[in-house]
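Comments concern the structure below.
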Amino acid sequence: MAPPSPDTFAIAGNRFGLGLRADDPPPADPRADLLAQFDRFDPRPPAIAALPGSAQMAAHFRSFLEQQRLRLRRDMVAASMAAPTATATSATPPDEANRRQELRRLYTRAYGDQVNGRIAAALTTPAPFPERLVHFWSNHFSVSIEKLQTAGLAGPFEFEAIRPHIAGRFVDLLQAAARHPAMLLYLDQAQAIGPESPVADAARQRGAPRQPGLNENLGREILELHTLGVGSGYSQADVQEMARALTGWSVGGFVRGPAGQAAPDGAFVFQPGWHEPGPRQLLGQRYAGTGEAQARAMLADLAVHPATARHLATKLARHFVADVPPPALVDRLAAAHVASGGDLMAVYRVLVASPEAWAPAQPKFKTPWDWTISALRATGATATPDLRLAGALSELGQQVWRSGSPAGWDDIAASWAAPDALLRRVEVAGRLAARIGDRIDARALAPHILPGVLTAATAQAVGRAASPQQGLALLLAAPEFLRR
Amino acid sequence: MIDRRLFLGLGAATWLTPQLALAAAATDRRLVFIILRGAMDGLAAVMPVGDPAYAALRGNFGPPPDAGVPLPLGPDFALHPALAQTGALYARGEALFVHAIASPYRERSHFDAQNVLETGGTAAYARKDGWLNRLLPLLPATGEPAIALAQTLPMALRGTATATAFAPSQLATADDDLLARAGMLYAADPQLHRLWSDALAARTLAGADARGKANPAGLGRLAATFLAKPHGARIAVIELNGWDTHSGQAGRLNAQLRQLDTVIAALKDGLGADWAHTVVIAATEFGRTAAPNGTGGTDHGTGGVAMVAGGAVKGGRVVTDWPGLAPAKLFDGRDLAATTDLRALFAGLAAEHFALDPMRVARRVFAGSVRPMSGLVRG
C-alpha cells in the first residue's frame, strides 16, 4: 500500500487526535489506525490509576461534615445553658473556618493531581482518538468544580464514569454518568425527595417546618443536555416525571439526613424511603415499575431515542468536523446510533469513514485545552511541566473541569477565537518556548507536526526568528497550529 | 440540609467568572448591560412583601439571618439586604426595578433563554447577532473604529458592528519582538489579523488595568476605565455567572447579590461625573419557581426582575404590572407570570438614553414586535 498522503496523516493526528508528536510514524492506513486505537486505549492508565478516587474524596468530605455537626451540637448545648447575650457568636467560628480551609487545600491539591493525571494521559497515550473522546464525553456530561462537594470529584467522575464507557453502549455511559456522586451532587439530586414518599409523609405527620421535596435540576439536564436535547419535544411535565423517578438516587457519606440507608463514602445508594411511589409517564410512555429501576428504565429508553441519536450526532460532527455540522453526516451518524441500539463504536466507525471529516482544510479552531495539549505533544512533553499549567489553562479561558455550566464548554470558533484569547495564546507559547525552546529546532520540528498544512510563510517566520525559543513560540502560535 | 456555607466553593471569587466587553460611539451617554447568567431569583432580590401570597409561599425562605434587614421599597416591595449600595441609589432616585418581567421565551433552558436575552429575538437561535450590536449603528457615528474590550465576545455584542472583548490577565506580557512577529504571522489570515489588531488596541487602552485578578470591584472599575475615556467605549457588557440556585439558595444568592451590588457601586465610583450620563441595566434569562423546591433552592421559572441604575435614570420606583402570586395567578401553576417584555425595557432605555426614535429602535433592534417603555430616563 502507498504511504498515506501528508494530509491524511495530519488529519488523523490533529483533527481526530491530540496533535502530532515529532516522532509519530505515519500509519499505513490512518483511517484503520484510528479504529485500531480502541484496542490500545487504556481506561485506567498509570497516571490516573495512582490517584485517589471518589471514595477517598467523599471520605474527606464526610469527616469535615461530621466535625461541623459536632460543633453545631456543642453550640446548641452551650446556647441552652448560657445567658441569652452570650449566644450571639460570630457566624463562622475560627476552628470551623480552619477546617473548611484545610478541606479546600486538600481538594485543591487533589484537583491539581487529577489535572496532571489527565494531562499525562493525553501526552503519553498510544490512543489519541479515544482519549479525545474521553474529553468530548466528559464535556457532554459536564460536572464543574464550583461547589466544594464536587471540587474533588470532577476528576474521579471522568476517570470512573466516562473513561471505561467511551467505546461501549451509550446507555451504559449515561447510567454511569447519572449515577456518579459527582453528577448527583453537582445537579442537586442527592437530597431530592418525593413529596409522597414515606419520608415526606413522616415529615408531614411530624409537622416538620420544612417539607422535603423534589429538585428538578438533574432530571431537566438529563433530558435537555445528556439525551434528547433542548427543543426536541419534551414538556415541563416530562421534566417533573423524570425528577420524580430519580428521587432516592443518592450518595453515601455526603448527605446529611433525613436518615436513609447507610452506604460507603461516595458510593451510589438508592434510598427507597425517599422515592416518589407510583407509575410514571415520560414522553407518552408509561413506566409501571417503581424504585431504582424506574429511572433506569427511563434512561434506557432515552439512550436509544431518535432525538438523542440526533443530538449526539450533531455534537460529535460539530466537535470533529465543523462548527456547522454537515447535515448529511449528522443523518448518517444518527442513523448508526439508532440502528445499533446506541453502540458508540458503530457511530465512531461512520464518523471515521465519512468523507466530510477528511476534507483537507482546517475547519476547526482549537479550544484552549486542545491547543495546550497539542503544543505539549509537539514539544515532546510526557508530563505536565509544572502546576502553573492549570493556571495557564484558566488564563486561556478553559480551566479543566470548570466550564461553570452543566452544558459544558462551547464547541465553536466564536467562543474561542477572540482578540484577548489570541494574545494570551501567544504569551503562553512564549512562556512554554522559553523553558524548552533551546532544546528544540523548531525549523526541523515544523514539518513533522504539521505535515501537509505547514505554510511557507510560517516556515519562513520560524526560520527567521531571533532565537530558537522565539522560533518555537511562533510555530505554536502559527495559524495552522491554532486550527485543526 | 447541607449547610449553605459549604456551597461557597474554592476561593472567594468562585461564583464570579466575569467577562467584560465594550464598544465605542460618539456620545457622552454610557450604557452598561450586566448579564446575570443562571437565572436570578427575582422574588428573592426584590421581595413582593405586599402580596399576601408571598409570605405563604416564601415564609421562612428569606435572606440568611446574618445578611441584614431588607430595605423597604414603598409599601409593596423590599430589597434584599445584600443590595445595600443599590438600595442607596434607589433612595437617591438613581435606581429602579422592573418586576414580573421576562423575555418572550417561555421554556426553561438556561442556554436557549440566554440566547433570547442576548439576541433580543423571540425564539432561541432565531437571530444570529446580539441586540446591542444592532443598536451600535444607530448611535452617533464615531471617527475611529469602534473598540471593544474580555476573553471572548458575549452574544449580546456579536454581529457585524465592530465590538471586541477584554478581561484582565495574570499572564506575563510576552516580549514586544515576539508580539510584532506574531502580528506578521497573522497578516495574511483575515480572521486572525482582525483579532490581533483588536487585541493590541484593547490592551493599549487598558494600560495598567490590563493585569490583575478579576473581582467584582475590579471589574466595575475596569469597565469604568474604558467608559470614562473621552473617545472610549460607550457600551459595556459585564457577565456574572452563578445564579442557578437549585439548593442552598439563601447563602449563595446573598453572595451573588453582594457581588452585583459591588460591581454597580464600583462602576459609579469609577465613572465619577460621567455617572450622570450612565444607565446600567442588570437582567437575567428567566425567573425561578415561586415556591422553594425540596432542597432549599428554587427551580427554573419564568417572571423575574430587572434592575436599572445610573445617574440618568428616573429612579426610586418599582415599575410593574403585578400579576399576583395567588396559586391561580401563577404561570403554569408554579412561576411568577411575566407581564412586561424585557425587550420593551431594553428598547425604551436605549431610545430614551441615546435620544433615538423609540419606534426606530424597536424596528431595527427588536424587529418591531415590541412597544418600548417610556419615562425611564431623566429628561
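Which one is most open to solvent (accessible area, probe 1.4 Å), of the residues in segment B:182-199 that are facing chain A (nearest Cβ under 7 Å) and under 17 Å from B:Leu153 (Cα atoms)?
B:Gln191
Criterion first (over 30 Å from A:Gly152 (Cα atoms), within 9 Å of chain B (Cβ to nearest Cβ) and open to solvent by less than 20 Å² (accessible area, probe 1.4 Å)) does A:Pro406 satisfy it?
In short, no.
For residues that are buried (at least 21 other Cβ atoms within 10 Å of the Cβ) and out of contact with any strand residue (DSSP E or B) (no Cβ under 6 Å at 6 or more places or on another chain), scanning just segment B:64-88, find the one that is nearest to B:Trp322 (Cα to Cα).
Looking at residues that are buried (at least 21 other Cβ atoms within 10 Å of the Cβ) and out of contact with any strand residue (DSSP E or B) (no Cβ under 6 Å at 6 or more places or on another chain), I get B:His80.
Which of the residues that make up segment A:238-263 are more than 9 Å from every other protein chain (Cβ to nearest Cβ), under 17 Å from A:Pro212 (Cβ atoms), open to solvent by 20 Å² or more (accessible area, probe 1.4 Å) and at pLDDT below 95?
Within segment A:238-263, A:Pro258, A:Ala259, A:Gly260, A:Gln261 qualify.
Of the numbered conditions (1) over 18 Å from B:Ala39 (Cβ atoms); (2) touching a strand residue (DSSP E or B) at 6+ places or on another chain (Cβ under 6 Å); (3) assigned to a helix (DSSP H, G or I), B:Leu345 fails exactly one; give the number of that condition.
Here B:Leu345 meets the rest and fails (1).
Quick one: which residue in B:Ala174, B:Ala163, B:Ala202 is under 24 Å from the mean Cα position of the chain (by Cα), at pLDDT below 85 and within 8 Å of chain A (Cβ to nearest Cβ)?
Only one candidate passes the filter, namely B:Ala202.
Hey, among B:Arg343, B:Arg363, which residue is touching a helix residue (DSSP H, G or I) at 6+ places or on another chain (Cβ under 6 Å) and charged (D, E, K, R)?
Just one listed residue meets the conditions, B:Arg343.
Is there a residue in segment A:169-177 that is in a helix (DSSP H, G or I) and acidic (Asp, Glu)?
yes
Return the total of residues in segment B:277-307 being in a loop (DSSP other than H, G, I, E, B), more than 14 Å from chain A (Cβ to nearest Cβ) and hydroxyl-bearing (Ser, Thr, Tyr).
The number of residues fulfilling the criteria is 0.
Here are some conditions: (1) modelled with pLDDT of 95 or more; (2) open to solvent by 40 Å² or more (accessible area, probe 1.4 Å). A:Thr458 meets all but one. Which one does it not meet?
(2)
Answer yes or no as to whether A:Arg204 is surrounded by 15 or more Cβ atoms within 10 Å (Cβ to Cβ), assigned to a helix (DSSP H, G or I) and of a type in the set (Lys, Arg).
In short, no.
Residues that are surrounded by fewer than 23 Cβ atoms within 10 Å (Cβ to Cβ), of a type in the set (A, V, I, L, M, F, W, C) and more than 14 Å from every other protein chain (Cβ to nearest Cβ): which helices (runs of 4 or more DSSP H) entirely in segment A:115-159 hold 1 or more of them?
Output list reads A:128-140.
Out of segment B:316-332, which residues are open to solvent by 20 Å² or more (accessible area, probe 1.4 Å), more than 14 Å from chain A (Cβ to nearest Cβ) and either not polar (S, T, N, Q) or not in a loop (DSSP other than H, G, I, E, B) (or both)?
Passing the criteria: B:Gly316, B:Arg317, B:Val318, B:Val319, B:Asp321, B:Trp322, B:Pro323, B:Ala326, B:Pro327, B:Ala328, B:Lys329.
Say whether the condition of being facing chain B (nearest Cβ under 9 Å), open to solvent by less than 20 Å² (accessible area, probe 1.4 Å) and within 18 Å of B:Pro292 (Cα to Cα) is met by at least one residue in segment A:219-229.
Yes: segment A:219-229 contains one or more residues that are facing chain B (nearest Cβ under 9 Å), open to solvent by less than 20 Å² (accessible area, probe 1.4 Å) and within 18 Å of B:Pro292 (Cα to Cα).
Test each condition in (1) surrounded by fewer than 19 Cβ atoms within 10 Å (Cβ to Cβ); (2) more than 14 Å from every other protein chain (Cβ to nearest Cβ); (3) farther than 22 Å from A:Ala36 by Cα for A:Ser394 and report the one that comes out false.
Every condition holds for A:Ser394 apart from (2).
Only residues that are more than 9 Å from every other protein chain (Cβ to nearest Cβ) and charged (D, E, K, R): list them for segment A:450-484, please.
Across segment A:450-484, the qualifying residues are A:Glu480, A:Arg483, A:Arg484.
If A:Ala297 passes every condition in (1) closer than 12 Å to A:Glu241 by Cα; (2) open to solvent by 30 Å² or more (accessible area, probe 1.4 Å); (3) small (Gly, Ala, Ser) but one, which one does it miss?
(1)
Anything in segment B:218-276 that is outside any helix (DSSP H, G or I), surrounded by fewer than 22 Cβ atoms within 10 Å (Cβ to Cβ) and away from chain A (no Cβ under 14 Å)? List them, or say none.
B:Lys229, B:Pro230, B:His231, B:Gly232
Suppose the filter is within 22 Å of the chain's Cα centre (by Cα) and surrounded by 17 or more Cβ atoms within 10 Å (Cβ to Cβ); does B:Ala309 pass it?
yes
The values are calculated or read from the model by the stated rules, or taken from the named source; none is laboratory data. Quick caveat: nothing in here was measured; it's all calculated off a predicted structure. Heads up, the Cβs are rebuilt from the backbone with ideal geometry, glycines too, and the neighbour counts pull from every protein chain shown. Note: accessible area is taken over every heavy atom of the protein model, side chains too, but ligands, DNA and RNA are not part of it. Shrake-Rupley method; radii C 1.70, N 1.55, O 1.52, S 1.80 Å.
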